[in-house]
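Coordinate-derived values only; no laboratory data. Computed from a prediction, not measured in an experiment: that's the story for all the values here. Note: ideal-geometry Cβ built from the backbone for every residue, glycine included; neighbour counts use all protein chains shown.
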Amino acid sequence: MATEKWGVEMKLGLFGGSFDPVHLGHLLVAQAAREELGLDSICFIPAAQSPFKMDAQPASAEVRLRLLRFALAGFSWAEVDAQETTRAGVSYTIDTVREYVRRFPAAELYWLIGADHVAMLPTWREAAELARLVEFVVIPRPGDVEVPLPLPFRGRTLRGFPLGVSSSQIRARVKAGLPVDFLVPPAVAEAIRNSRLYL
Ligand code: ATP
């Protein structure tokens, strides 16, 4: 990834999540963020273990990364970053953000966050430092009321394109023997079928 554009600092979107599996909701969010904020790149960063989903065992990192790479193949603005899965253990956003500050000291960093997580932001590890290092982009989901960012966090709410689809819904459909076509990209649906994932 180029670290600087001519004379302008690079704007980098950081999109963390379980991605278990990636679906069209994630991809539309990334596209909207890119357009609305003028981001140069978006890094998809699957968590090894979300501190908020300690009771759930995700599919292996290898599987989730593979599906992400299928979903994003050919999109030059999208990157898949395995750093949280190689660090292992619980994934804390501050550790990941510090790594981006180290890699791209001149970049403006935007952290994409689901509206359902906003109220909990003050409890995130090293919250004050995190608020200093990144601007937050709140992702609304259909039917959500707009949640203001608690101080000292800075950011804005994304306008487009909320889609009522979730990874848990996709896992439940696969388990029930229902198709997941049109909820995930064709290559992801095919990989889920071929590798007999989420059965
Ligand atoms: P699960 O159903 O397993 O809880 P999920 O579909 O919410 O998973 P995650 O990988 O946990 O997916 O999501 C990563 C981020 O993407 C979160 O911040 C989440 O709020 C957001 N997100 C997921 N699906 C959508 C969607 N359909 N529309 C908008 N944001 C979404």
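According to the square roots a ≥ b ≥ c of the eigenvalues of the Cα gyration tensor, what is the shape class of the stretch 10-121, taking rounded for a/c under 1.5, prolate for a/b larger than b/c otherwise, and oblate for the remainder?
rounded
Can you give the Rg to Rh ratio for the stretch 112-197, taking only C-alpha atoms and Rh from Kirkwood?
1.11
Mind checking the full-extension length gain between Ala88 and Ser60? Use 0.36 nm per residue of separation minus the Cα-Cα distance, one decimal, nm. Let's see the in-between values first.
Details: separation 28, 0.36 × 28 = 10.08 nm, distance 1.15 nm.
Extra length from Ala88 to Ser60 when fully extended: 8.9 nm.
Give me the net charge of Leu199's neighbourhood, meaning all other residues with Cβ under 11 Å from the Cβ of Leu199; Lys, Arg count +1, Asp, Glu -1.
Net charge around Leu199: +4.
Label Glu36 and Lys175 with points 7 Å out from Cα along Cα→Cβ: what is the distance between them in nm?
Between Glu36 and Lys175, the simple spin-label model gives 3.2 nm.
Identify, among Ala48, Thr93, Ser195, the residue whose Cα sits farthest towards the positive end of the charge dipole of the chain, taking +1 on the Cβ of Lys and Arg and -1 on the Cβ of Asp and Glu, with the dipole about the Cα centre.
Ser195
Kirkwood-based Rg over Rh for the chain (C-alpha set), two decimals? Show your work: numbers first, answer last.
Working: Rg = 16.4 Å, Rh = 17.4 Å.
My calculation puts Rg/Rh at 0.95.
Please work out the FRET efficiency for the pair Arg154 and Arg69, using the Cβ-Cβ distance as r and a Förster radius of 41 Å; give the result to the nearest 0.05.
Calculated value: 0.80.
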